[in-house]
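Right, one structure below, let's go through it.
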Amino acid sequence: MKALDTNALVRFLVRDDEKQAQVVKKILLNAEVAGDLIFIPFIVMLETIWVLSSVYEYSRAEIILALENLLVVSVFEIEEHERVVNLCRIAKKHSIDLADLLIGLTSHDKGCETTLTFDKKAAQSELFTLI
């Protein structure tokens, strides 16, 4: 199995460099034909959220849609797949920063009763406690 780095995943999503986007598309098509999977590390998902937001100025809704689209690509094996599914579901109900939500979900899934934060907006979620 091979994995994609953030820059390759972003090229695939954003297509700001069509040549590189086509290279990634070809890799995915070849993996599909061969019955192989392409691994997407959890940290790549977090970095992708950050890059889409800060560099490409994607809206929250656009980022959620991009994540949902990645979740259904048959050749992708996304680390912590269910957590990313939950992120997309919860993100539609809250206005909390997506990266913060992912941090809160990760802590919750690892058995933490809460994530302590100074972030007043994050603390609006049951995943966080304001300190």
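The values are calculated or read from the model by the stated rules, or taken from the named source; none is laboratory data. Values in this document were obtained by computation on a predicted structure and should not be read as measured data. Cβ sites come from the backbone with ideal geometry, for glycine too, and all protein chains shown count toward neighbours.
Quickly run through region 43-100 and pick out the residues that are within 23 Å of F118 (Cα to Cα), polar (S, T, N, Q) and in a helix (DSSP H, G or I). Those that are within 23 Å of F118 (Cα to Cα), polar (S, T, N, Q) and in a helix (DSSP H, G or I): S53, S54. Among the residues of region 104-125, at least one is under 16 Å from L67 (Cα atoms), within 18 Å of the chain's Cα centre (by Cα) and not assigned by TED's automatic domain parsing to the domain that holds A61.
Those residues that are without any contact (Cβ under 8 Å) to a residue 24 or more places away in the chain, closer than 26 Å to L130 by Cα and aliphatic (A, V, I, L, M), I need them from region 66-89; list them, please. Scanning region 66-89 gives V85, L87. Within region 36-47, does at least one residue satisfy the condition of being farther than 15 Å from N7 by Cα, modelled with pLDDT of 95 or more and not polar (S, T, N, Q)? Yes, region 36-47 contains a residue that is farther than 15 Å from N7 by Cα, modelled with pLDDT of 95 or more and not polar (S, T, N, Q). Can you find, within region 109-131, the residue that is surrounded by the fewest Cβ atoms within 10 Å (Cβ to Cβ) among those that are assigned to a loop (DSSP other than H, G, I, E, B) and among the small types (G, A, S)? Checking each candidate, the answer is G111.
Restricting the search to region 12-63, which residues are over 12 Å from the mean Cα position of the chain (by Cα) and of a type in the set (S, T, N, Q)? Q20, Q22, N30, S54, S59 - these are the residues of region 12-63 that are over 12 Å from the mean Cα position of the chain (by Cα) and of a type in the set (S, T, N, Q). In region 8-16, is there at least one residue being outside any helix (DSSP H, G or I), surrounded by fewer than 18 Cβ atoms within 10 Å (Cβ to Cβ) and among the basic types (K, R)? Within region 8-16, one or more residues are outside any helix (DSSP H, G or I), surrounded by fewer than 18 Cβ atoms within 10 Å (Cβ to Cβ) and among the basic types (K, R).
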